[in-house]
Amino acid sequence: MTIATVGLLHPGAMGAAVGALLTRGGRSVLWASEGRSAASAERARRAGLQDAVTVTALAARSDLVLSICPPHGALDTARAVGPFTGLYLDANAVSPATAGEIRSVVQAAGGRYVDGGIIGPPPAEGDAGARLYLSGADAPAVAAVFAGSGLQTPVLDGEATAASALKMAYAGWTKGSAALLLTMRAAARAHGVDEALVAEWEHSIPSLPERWAQAARQADEKGWRWVAEMREIAATLAAADLPAGFHEAAAEVFERR
């Protein structure tokens, strides 16, 4: 199929960066300003996105709808699209089970679902660091949209929600280990051994003080987004009959920031 127009829901930091890659490559990219903030409007302007005003108008004009939003809003974002016959790429940090629910919503509305998972920071021009993993029967068609954009788009074999499964496994370590590091430093402070702990880190694991500082910065900036993501990871583990308690606790760690 020909994908001439992409609809982007919604231009946060990651979404706007992805949209900018597409517009620089000559794609027509739409966004919907209704109910969005002035900050979103400014990001959309800088990325070169065109305003379709409403989500339903965006969907009607788009061959591909791309959802990049906080994980707690992914399902409602899919429901808001309404009747739609194109491709719907959900690139959110959700469990395979939640991705399956989103897939059902998309298919019931007449669309075709593609699963996605973004690993890495918001992509910039000339930066080949970020990857958008894709899965599902129509994943190659979506990968072709990003060809030459600088965003890598590996297509995974296996289940239709394989991209979400990979994202959960990856983030379960990167963000989960950050939560553990923050927790143990807080425990040391509570028991009056904070300075001793940092000194031991510097002696035996010299990279840990900076890793802790980075975890603290990121948690303060983005921890509110990670609360739902940790719970999606916990659900992913539970579905595989693996212990889910640690990532439930990690959600609480980020909730307290």
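The values are calculated or read from the model by the stated rules, or taken from the named source; none is laboratory data. These figures come from a predicted structure and were not determined experimentally. Here the Cβ positions follow ideal geometry from the backbone for every residue, glycine too, while neighbour counts run over all protein chains shown. When the accessible area is computed, the model is the full protein with side chains, heavy atoms only, and any ligands, DNA or RNA have been set aside. Shrake-Rupley method; radii C 1.70, N 1.55, O 1.52, S 1.80 Å.
Just a few scattered comments:
- Amide proton proximity set for residue 88, modelled H, under 5 Å, gap of 5+: 65, 112, 113, 114
- Separation of region 40-118 and region 188-257, taken as the distance between their Cα centroids, equals 30 angstrom.
- Here is how the number arises for the chain: DSSP H runs of 4 or more residues each give -39500 (n - 2.57), the sum is divided by the residue count, and the result at 222 nm is -17500 deg cm²/dmol.
- Percent accessible area from carbon and sulfur atoms, the chain, protein chains only, probe 1.4 Å: 54 percent
- Net lengthening on full extension, residue 37/residue 85 (0.36 nm per residue, minus Cα-Cα): 14.5 nm
- Contour minus Cα-Cα distance for residue 183 and residue 213 (0.36 nm per residue): 9.5 nm
- Considering only 44, 56, 68, and ranking their Cα positions along the charge dipole of region 43-171 that arises from unit charges at the beta-carbon of Lys, Arg, Asp and Glu, the one farthest toward the positive end is 44.
- Mean Cβ neighbour count within 10 Å, used as a protection proxy, ranking 81-91, 246-256, 150-160 highest first: 81-91, 246-256, 150-160
- Simple point charges give the picture: +1 on the Cβ of Lys and Arg, -1 on the Cβ of Asp and Glu, and for region 1-83 a dipole about the Cα centre of about 200 debye.
- Selection from 154, 17, 196 lying farthest towards where the dipole of the chain points positive, charges on Cβ: 17
- Computed over region 3-127, the Cα gyration tensor eigenvalues convert (square root of 5λ each) into semi-axes of 21, 16, 14 Å, ordered from largest to smallest.
- Residue-normalised accessible area of the chain, expressed per residue, 1.4 Å probe, Å²: 47 Å²
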